[in-house]
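Taking it in order: structure first as structure tokens, then the write-up.
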Amino acid sequence: MNAKASTTAQKLLNLYRQEHVIFGGWAAVNQVFVNESTPEILRELRELPTGKNLAKHIENLRSGKTPMDSIDHELLPYGGMMTETVATVPLTPDEWRELESGLNEFTTDQEGLNRIQQLNVIKKFGDQWLVAIRAALGARPDLMDTWTIVMKTYRAYYLWKVANDILEQPLSERARAQLQADMPEYETYLPMFGDAGTELLEKLRSFITTMKPVDTDAAPDAQTKA
């Protein structure tokens, strides 16, 4: 097994599973799939859970069978549940007003995220609130820029927590490989926390080598932009 190919395959699989919270959707992630996949990486994908579907999707993209901004329904992650669930739940006029008001008052910190998540229009979608609202905003593209900031802020704080959880315990070889695969995302989001985020990123890089627990800090405010 080629360690680099295995790490890249896992990274691509993570993107595939997280498409519903990535701004730009399939048009964004498909470009990465095509650019970064090699025959060796495709072989690695076929050995991973649900990796066969992604490998087939990449083949379809390269052959032209699937447009670069799309995916065959049968190859959707989670059996297409993320797409089908939100498509059947419209927002009422009152919910639109609540959502717009909440977005207008949003701040890029933990309190801002907490306020957004307490909105009734958000809570109705449970764990799928990010993808549900993004889908709903197809009817209100004027709110999409602010929603993108919400998504980036949520992802930044989520990764801050995950990074600190990782650093507080010994790292297994499997967790180390997963961390290596996820590093591009940490490198994207942790710098939003300024010097503290950069320091945490360096701790992660060092941790991959040493695999020993290190001291961690609370998250500062994230500086996100659309």
HN-Hα couplings for region 25-38 via Karplus (6.51, -1.76, 1.60; θ = phi - 60°), in whole Hz with x for Gly/Pro, come out as x, 5, 4, 7, 6, 4, 4, 5, 4, 5, 6, 9, 7, 10
Quick one: which of LYS152/LYS203; LYS56/LYS123; LYS4/LYS161; LYS11/LYS123 span more than 28 angstrom between C-alpha atoms? LYS56/LYS123; LYS11/LYS123
Kirkwood hydrodynamic radius for region 153-210: how many Å is it when counted over pairs of different Cα atoms? 11.3 Å
Treat the count of other C-beta atoms within 10 Å as a stand-in for reagent exposure and order LEU45, LEU103 from fewest to most. LEU103, LEU45
Ordering 121-130, 145-154 by per-residue average of other C-beta atoms within 10 angstrom, highest first, gives 145-154, 121-130
One would report the Cα pair-distance distribution of region 1-70, bin width 10 Å, in %, as 23, 57, 20, 1
Give me the distance in nm between label points sitting 7 Å out from Cα along the Cα-to-Cβ direction at LYS52 and GLU36, one decimal. 2.4 nm
Residues with amide H under 5 Å of THR66's amide H, sequence separation 5 or more or different chain, H placed in the peptide plane at 1.01 Å from N; which? LEU61
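Readers should treat all values here as calculations from the given coordinates under stated rules, not as data from a laboratory. Remember, predicted model here, so these are calculated numbers, not experimental data. Please note: Cβ atoms are built from the backbone with ideal geometry, for glycine as well, and neighbour counts cover all protein chains shown.
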